[in-house]
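The values are calculated or read from the model by the stated rules, or taken from the named source; none is laboratory data. Here the structure is a predicted model, which is why all the values come from computation and not from measurement. Positions of Cβ are backbone-derived with ideal geometry, glycine not excepted, and every protein chain shown enters the neighbour counts. For accessibility, only protein heavy atoms count, side chains too; no ligands or nucleic acids. Shrake-Rupley method; radii C 1.70, N 1.55, O 1.52, S 1.80 Å.
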Amino acid sequence: MGYFPFFMELERQEGLIVGGGTVALRKVEKLLPYGPRLTVAAPELLPALEAIPELTLLRRPFGPDLLEGKLFVVAATDDRALNRRIAAECRHRRIPVNAVDDRDACTFLFPALVKRGDLSVGISTGGASPSAAVYLKDRIAGLLPDDFGALLAELDALRPAVKAALPEEARAAAFSRLFAARLAAGRPLEEAELRAILLGEREETL
């Protein structure tokens, strides 16, 4: 049936990473840009994990008590049996869990990610071919302008002005024209350009 791509708000949400090696580090690096509060638990931790100030580090083995209050869990140890036990504990508590390299034990998968500011593109093959997902990620990333994140921030900042200037039925077309104009310009739109687009939309609704 495939996996439905829910987009969840993670800012200030509690997450648990079990494992202290390179795989755990990669998962942390993917998650941190989205602002969760991450706890990393393992008897031994990479220095690279210890150097990340946003993390809560626990030098201890996994225990079910670590799951208390967690929105999601990543089982990233090098022990497949332990990862499966963690996944089973999470399933029992209905906590979403990702067990690395073990699709059958997961209730969610990590997509191949393309991130540009507020844009997040997640690509998953349902675990069938991570290489294909990475290939598509690279192709999509190559299609996006380097300043696409800034473009989105600029358009978001214009929303109040568009809503104030235009009736509801004209806004979708205005947003579409603003996006097209900003993309074509490759720079922030000047005041005269913005005014021309908004005035044109207003005249069309009269």
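Length available on full extension from LYS115 to GLU44: 0.36 nm per residue minus the Cα-Cα distance, which gives 22.5 nm. For the listed peptides 143-150, 3-10, a ranking on the average number of other beta carbons within 10 Å per residue, highest first, reads 143-150, 3-10. Using alpha carbons only, how many angstrom separate the centre of the range 1-74 from the centre of the range 115-168? After rounding, the separation between the Cα centres reads 25 Å. Calculation over all alpha carbon pairs of the chain in 10 angstrom steps from 0 returns a P(r) of 8, 27, 26, 18, 14, 7, 1 percent.
Span-like helix check, the chain: qualifying full DSSP H segments, with Cα axial length of 15 Å or more and mean Kyte-Doolittle of 0.5 or more, are 148-165. Only beta bridges with both residues in the range 51-166 are counted; by DSSP, about 60 percent of them are antiparallel.
Using packing as a proxy for protection, rank 70-81, 153-164, 21-32 so that the peptide with the highest average count of other Cβ atoms within 10 Å comes first.
Details: 70-81: 20.0, 153-164: 13.2, 21-32: 17.2.
Those peptides, ordered most packed to least, come out 70-81, 21-32, 153-164.
For the range 48-206, what's the relative contact order in percent, using C-alpha pairs closer than 8 Å and at least 6 residues apart? Relative contact order of the range 48-206: 12 percent. Taking every DSSP bridge with both residues inside the chain, close to 25 percent are antiparallel. The share of Cα pairs per 10 Å bin across the range 129-194, counted from zero up to the longest distance, runs 18, 41, 23, 14, 4 percent. Here ARG80 and TYR135 are evaluated by their C-beta separation; at R0 = 25 Å the FRET efficiency comes out at 0.40. In this rough spin-label picture, where each label sits 7 Å from Cα along the Cβ direction, the ARG91-ALA164 distance is 5.5 nm. Spacing of the modelled spin labels on LEU199 and ASP104, each 7 Å from Cα toward Cβ, amounts to 6.8 nm.
With the full set of protein chains in place, find how many percent of the accessible area of the chain is carbon and sulfur; take the probe as 1.4 Å. That share works out to 55 percent.
Computed over protein heavy atoms with a 1.4 Å probe, the accessible surface of the chain works out to 60 Å² per residue.
If packing is taken as the average number of other Cβ atoms within 10 Å across a peptide's residues, how do 42-55, 93-106 rank, most packed first? Working shown, then result.
Details: 42-55: 13.4, 93-106: 16.8.
Descending packing order for the listed peptides: 93-106, 42-55.
Amide H contacts under 5 Å for GLN13: ARG37, restricted to partners 5 or more places along the chain or on a different chain, H placed in the peptide plane at 1.01 Å from N. Approximating the spin labels as points 7 Å out from Cα along Cα→Cβ, the GLU14-to-ARG26 distance works out to 2.8 nm.
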